[in-house]
Structures are given as C-alpha cells and as structure tokens.
1. Looking at this structure, is PHE208 exposed (fewer than 15 other Cβ atoms within 10 Å of the Cβ) and within 30 Å of the chain's Cα centre (by Cα)?
2. Does VAL297 satisfy being of a type in the set (A, V, I, L, M), open to solvent by less than 30 Å² (accessible area, probe 1.4 Å) and over 22 Å from ILE88 (Cα atoms)?
3. What pairs come up if the first residue lies in the range 136-149 and is over 12 Å from ASN118 (Cβ atoms), the second is outside any loop (DSSP other than H, G, I, E, B), and their beta carbons are under 6 Å apart, counting only those six or more places apart or on different chains?
4. Within the range 248-278, take every residue that is more than 29 Å from the chain's Cα centre (by Cα) and touching a residue at least 40 places away in the same chain (Cβ under 8 Å) and give me the one that is nearest to ILE192 (Cα to Cα).
5. Answer yes if at least one residue in the range 317-327 is in a loop (DSSP other than H, G, I, E, B) and touching a strand residue (DSSP E or B) at 6+ places or on another chain (Cβ under 9 Å), and no otherwise.
6. What number goes with the only condition from (1) buried (at least 22 other Cβ atoms within 10 Å of the Cβ); (2) over 29 Å from the mean Cα position of the chain (by Cα) that GLY288 does not pass?
7. Are there any pairs with C-beta distances below 7 angstrom linking a residue in the range 100-116 that is in contact (Cβ under 8 Å) with a residue 24 or more places away in the chain to a residue that is open to solvent by 60 Å² or more (accessible area, probe 1.4 Å), with the two at least 6 apart or on different chains, and if so which?
8. What pairs can you find where one residue is in the range 172-193 and over 18 Å from THR229 (Cβ atoms), the other is assigned to a loop (DSSP other than H, G, I, E, B), and their Cβ atoms are less than 8 Å apart, with a gap of 6+ or different chains?
Amino acid sequence: MISPSSTTKHTRTRSIVKVAVIAAATALVFTGCARGGTDGQAAANDAAKKTGEGLVIGWSQRGISGSDWWKTLVEGGQSEAKKLGATIQLLDANGDTVRQNADVQTLITKNVDVVIMNPNDPIGVGASVAALQNAKVPLVTVNSNLDPSLVKDMYCYVAEDQGYTGSLAGEVAAKKAVAKFGETGEIKVVGIGGFPGDVISDLRYNGFLKGYENVMKDYPGITTKKLETKYGEWKPDKALAPIRDVATANPDLKLVYSMSDVMEGGIEQGLQQAGVWGDGIIVAGYDGGMNAVKEMVDNPTGPLQATASNQPWDQGVAAVKMAVAAYNNDKSACPDKEVFIKTTVVTPENAKEYYKPEDTYVRAND
C-alpha cells in the first residue's frame, strides 16, 4: 500500500520531469528557429556577395605615394567596388615586399572574401600566395604579375597587353614619319625606357618596333637606324641627360619613343637643350598621361604625336570585376588566367575626345 505522502512525492516528481521536458523542447524549438534564421541570413548574404553586394575585398598595393598611376589604379577599383556595393580594405606596402607579405596575412586575419594584389616582387610574394591558398581566399593580381611558378595559384592577372599597346604607338609614329620625312632616306630612332633589362621596357619597346616595322615594310625606300636604347628610371629628371646626349651626338635624330609619359617633361627639355626640339623630330609615348594629351590638344603640329594608353582606372575596375568572378569561382571569366583591358592610342587628331582635365590618365572612351 502506498502512503499518501509517497503519492504526493511521486506526483511532484512527475510534474518536475514534465516541466523540464517541456522547457527543453521549447528551448530546442527556439534554438532551431534561431539557427534557421542564421543559416537563412548567411545564405542571403552569400547570394548577395555573388553580385558584389557586401563582398569584402582585400587590396594589397605595392605602393601609392608619389605615383599618380598607382593612385588612379586604386581609385578605379574603389569606384567599381562602391558601384557594386562591395568594400575594399586597402593596405599599402610602400615598395617593401616583406611588408606586403605581412599585409596579406593581415587581410587573411580580417577574413576578407578575396584579395587583389599589385605584387611588389613577382616571386618575393610567394609566401602570400601560399597563405591565400591555404586560407582558400581567391587571388587576383593587377598591373604586375606573379612569377610563372606561382601563376597556377591565382585566379586572374589584369593589365594591359604592353606589347600590343606599344605597337599602337609604333604604327602611328611610322605613319607620321612617312608623312613628315617622305618615302625615302634614313630615320634614326631611339627609345627611352626605365631600367636596363626590365621586362616592362622590353615589352613596350619590342611592341613599338613591331608596329613601326609593320608600317615601314611598305616603304622600302626608307632605312631605319635604331640607336642604343636609353634609360631614364621612369623619372623626368633622370631622362633628361640621356636624351640630351643622344640627340647632341645625333642632330639628325628623327624619332623618339618614350616608354612612359612620366618622363615626357625631361625628354622635351633634353631635346630642347640639344637643339632638336621642333619641326624636325617626332615623339611618341606610352601611358596615355593627361599631360601628354593636353600637349597634343594645345600644339597639334608639335613633336609629340602619339601616346598609347594603359588606363590605370580601367585596370582597377577590371580587377574588382575579376574579384567578384573569383569569389564565384567563375572559370569562364578568366580562362587563361589573364585579362587584358582594351587600350587605345591618342593622337592630335583625337586628343580632344580623350582630354579630361579632372583625370590624370586616359580612361576608356565608351
């Protein structure tokens, strides 16, 4: 026989157990609802990021200070990111590869979705490339590429085709030379680049010669004498003396190809000091610098007759677009691991179309 006190005790115990079960079940329901909400929100965020909305892009820049070109590159990317609703976290290595590797580690720690890198050293950033691979963060490079041994571990390289772009300046320079100097005689040509042996100078000069020779093959009466290439360290003050010296030694110099408009002021001054700046010489450049475009607007019959554009703003825009494609793992957007922007050549005939005083470099005119 069960005593009344025992019955009360068991009843109380069953009640406590029942309440505990209900509480646990209720907690599970609310936890499930919360988890479902989180998962749903994460899915919505991911879907938005696929369009760029809310995407966090880490940008490791090799340098900005003192370079209008690099500044314009970054500004183009920031403009496109803002348009898409993405965010850019920018870190500037200031020309230091060790610092750039540290910057990339910082971006990984910040859980960025994708990284755009303007490598300071094509092989020196190998540690960054490996770290991004391990963290499963896609990599887009812009303006300067990685060493061939590292290319397999990136999504895409964005730049201009320097050989092709150089050829645009070469074609114009050749046609201008034929028109000015006639279809017979000798044309002395000199190029001025950055540093001996640097890849950029070689690509731009070889491209220029290809475009030039493609025109000149139709004029067998013209002999071209290619003088030894000079180097101005991509700076106007460093370009002055080499050009002055070669022009002084060759007063019949006909054609100068500047591999960067940054050097244009020094080249002009050097030619003036040598006494050859004027109607007897043609200058062609590379970069699409607005200073060069303005020179052709203001003095269409002057020595400067062409500048091939490399459009840093458009490279920045394209890099951000590739960052979105990389996040989506869209292999069709960059099938060969490189995307070249469409470039152009500005001449006195079309300079007014491209001249925008608020810009530092030519942008796509479409």
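The values are calculated or read from the model by the stated rules, or taken from the named source; none is laboratory data. These figures come from a predicted structure and were not determined experimentally. Cβ placement follows ideal geometry from the backbone for every residue including glycine, while neighbour counts extend to all protein chains displayed. For accessibility, only protein heavy atoms count, side chains too; no ligands or nucleic acids. Shrake-Rupley method; radii C 1.70, N 1.55, O 1.52, S 1.80 Å.
1. Here the answer is no, as PHE208 does not meet what is asked.
2. Against the criterion (of a type in the set (A, V, I, L, M), open to solvent by less than 30 Å² (accessible area, probe 1.4 Å) and over 22 Å from ILE88 (Cα atoms)), VAL297 does not qualify.
3. VAL137/VAL115; PRO138/VAL114; PRO138/ALA326
4. Taking the candidates together, the pick is LEU255.
5. no
6. (2)
7. Once the first residue is in contact (Cβ under 8 Å) with a residue 24 or more places away in the chain and sits in the range 100-116, its partners that are open to solvent by 60 Å² or more (accessible area, probe 1.4 Å) give ASN101/ALA127.
8. Sorted first by the residue in the range 172-193, then by its partner, the pairs are VAL172/THR347; VAL178/TYR219; GLU183/TYR219; GLU183/GLY221; THR184/GLY221; GLY185/GLY221; GLU186/ASP252.
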